[in-house]
Amino acid sequence: MIVKYGGNAMKSLDLRRAVAAEIAALRAGQTVVVVHGGGPVIERELAARGIPSEFRAGLRVTTPEAMDVVEMALCQLNKQLSQDVGRAVGLMGRDSELLRAEVFDPTLGRVGRVTGVNADVLRALLGAGLTPVVGCVAVGPDGDALNVNADTAAGAVAGALNEGIVFLTDVDGVYRTYPDPESRAAHLTRAEVEGGIQDGWIAGGMIPKVRAALDALDRGAPFAVIASGMHAGALSAAARGEAGTRITP
Ligand SMILES: Nc1ncnc2c1ncn2[C@@H]1O[C@H](COP(=O)(O)OP(=O)(O)O)[C@@H](O)[C@H]1O
Ligand SMILES: CC(=O)N[C@@H](CCC(=O)OP(=O)(O)O)C(=O)O
C-alpha cells in the first residue's frame, strides 16, 4: 500500500510521530511505501528567506531559487520521517532516478510532471524488509530538480507498483458540502468526481488529490482512498475501507 502524507496532517511533531507509528504498525501485515509532501515546511523556509509563494491551480510557481529551498526543506523532512517510521530508507527523485519528470508548464517554472518511476528500487528495498519514504522532488531531463505535487507523485508511485493508495490529509474525506464532515462521501465514482470539480464542491487542494486518485486507478492501482491523518487509528480504518472516501473508476 502507498501512504501519501503531507500538509497540515504533519504540522505538529506529535501528529507526525503518531502517523509514523501507525505506518509502522500497518507494515506488519503488508508492504508500505510512504510518499510525502510538506507544504507548510516549504512555506516556512521560503518565508524565512523572503521568497514569496504563488499558487496556480494548486501548484507552487517554483523559480530556480525557490526550487533550491523546496529541495532542501523536503530532504530534511524526508530524513526525519524516515527516522520516525523506522526500518526505513528516505529517498528523493534524484536517487537512482526514482522519480523522473519533465517541465509541466514553463510559466510555473521548475514544476514537474512525472514521466517515470523506478519501481525496481522500491521493490528491492521492500524485498530487504525496508520501508521506502519518498520525497516529491523529481529529476528532470537536464538532471536538475523539479518540484512535483506530492499527491501527483504518490499516485504515480501507486500506479507503478500496482498498489492501493491512501491519501492522508486534514479532512475526513471528500465532503459533498465542505466543510460539513457529516456530508463525507463514502464512495465517489469518476463521473461524480468530474461533476464535483465542475460544480465547484470539490475545490482547492482536493482537486489534485482526486485527480491523483483517478490517475493511480488508471495506472493499475487496485484502490484509492482519501482519509484523515489527523486522528489516531484513521490510517488503519481507511486501509480496512472503514473511513475516508473511496474513489472508484
Ligand atoms: N469537497 C471537499 N471536501 C473536503 N475538503 C475539500 C473539499 N474541497 C476542497 N477541500 C479542501 O481540500 C483541503 C485538502 O487539500 P490540501 O490542503 O492540499 O491537503 P494536503 O496538504 O494534505 O495535501 C481541505 O483541507 C479543504 O480545505
Ligand atoms: C508543485 C507543487 O506545488 N509542489 C508542492 C510539493 C509539496 C506538496 O505537495 O506538499 P503537500 O502534500 O504538503 O501539499 C509544493 O511546493 O508545495
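When Ile226 is tested against (1) within 13 Å of ligand 2 (Cβ to nearest atom); (2) in a helix (DSSP H, G or I); (3) farther than 22 Å from Arg100 by Cβ, just one condition goes unmet, and that condition is (2). Hey, does region 240-247 have a residue that's touching a Leu at 6+ places or on another chain (Cβ under 7 Å), assigned to a strand (DSSP E or B), more than 16 Å from ligand 2 (Cβ to nearest atom) and not basic (Lys, Arg)? Yes: one or more hits. Screening Leu26 on (1) of a type outside the set (D, E, K, R); (2) touching a residue at least 40 places away in the same chain (Cβ under 8 Å); (3) more than 17 Å from Val139 (Cα to Cα); (4) within 16 Å of ligand 1 (Cβ to nearest atom) shows it passes everything except condition (4). Looking only at residues in region 225-249 that are in contact (Cβ under 8 Å) with a residue 40 or more places away in the chain and surrounded by fewer than 20 Cβ atoms within 10 Å (Cβ to Cβ), the one that is nearest to Cys136 (Cα to Cα) is Met230. If the condition is being at pLDDT 90 or above and not hydroxyl-bearing (Ser, Thr, Tyr), then region 236-249 contributes Ala237, Ala238, Glu242, Ala243, Gly244, Arg246, Ile247. Of all residues in region 89-101, one or more are in contact (Cβ under 8 Å) with a residue 12 or more places away in the chain, farther than 19 Å from Gly159 by Cα and not charged (D, E, K, R).
Yes or no, residue by residue, for (1) outside any loop (DSSP other than H, G, I, E, B); (2) more than 16 Å from ligand 1 (Cβ to nearest atom):
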site: Ala124; (1), (2): yes, yes
site: Val133; (1), (2): yes, yes
site: Ala138; (1), (2): yes, yes
site: Gly143; (1), (2): no, yes
site: Leu168; (1), (2): yes, no
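A single entry from Ala138, Ala101, Ala154, Ala160 fulfils the requirement of being modelled with pLDDT of 95 or more, surrounded by 20 or more Cβ atoms within 10 Å (Cβ to Cβ) and farther than 21 Å from Gly38 by Cα: Ala160. In region 204-224, the residues that are on the phi > 0 side of the Ramachandran plot form Cβ pairs under 7 Å with partners that are within 15 Å of ligand 2 (Cβ to nearest atom) and part of a loop (DSSP other than H, G, I, E, B), at six or more places apart or across chains, as follows: Gly204/Gly58. Mind checking which residues of region 54-76 are at pLDDT below 95 and among the aliphatic types (A, V, I, L, M)? Within region 54-76, Ala57, Leu59 qualify. Scanning region 105-135 for residues that are touching a residue at least 24 places away in the same chain (Cβ under 8 Å), closer than 19 Å to Ile2 by Cβ and in contact with a Leu (Cβ under 7 Å, 6 or more places away or on another chain) gives Gly112, Val114, Val117, Ala119, Val121, Leu122, Pro132, Val133, Val134, Gly135.
Can you find a residue that is of a type in the set (Lys, Arg) and within 16 Å of ligand 1 (Cβ to nearest atom) anywhere in region 79-89? Among the residues of region 79-89, not one is of a type in the set (Lys, Arg) and within 16 Å of ligand 1 (Cβ to nearest atom), which makes the answer no.
Just one of the listed residues (Ala9, Ala47, Ala18) is more than 9 Å from ligand 2 (Cβ to nearest atom) and either closer than 25 Å to Ala158 by Cα or in a loop (DSSP other than H, G, I, E, B) (or both), and it is Ala18. The residues of region 188-222 that are more than 15 Å from ligand 1 (Cβ to nearest atom), in contact with a helix residue (DSSP H, G or I) (Cβ under 8 Å, 6 or more places away or on another chain) and in a loop (DSSP other than H, G, I, E, B), listed by number, are Arg219, Gly220, Ala221.
The rows are residues; the columns are (1) of a type outside the set (Gly, Ala, Ser); (2) more than 18 Å from Ala234 (Cβ to Cβ); (3) near ligand 2 (Cβ under 9 Å from one of its atoms).
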| position | (1), (2), (3) |
| --- | --- |
| Ile23 | yes, no, no |
| Ala28 | no, no, no |
| Pro52 | yes, yes, no |
| Arg60 | yes, yes, yes |
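The values are calculated or read from the model by the stated rules, or taken from the named source; none is laboratory data. Since the model is a prediction, treat every value here as computed from it, not as a measurement. Glycine gets a Cβ as well: all are built from the backbone with ideal geometry, and neighbour counts include every protein chain shown.
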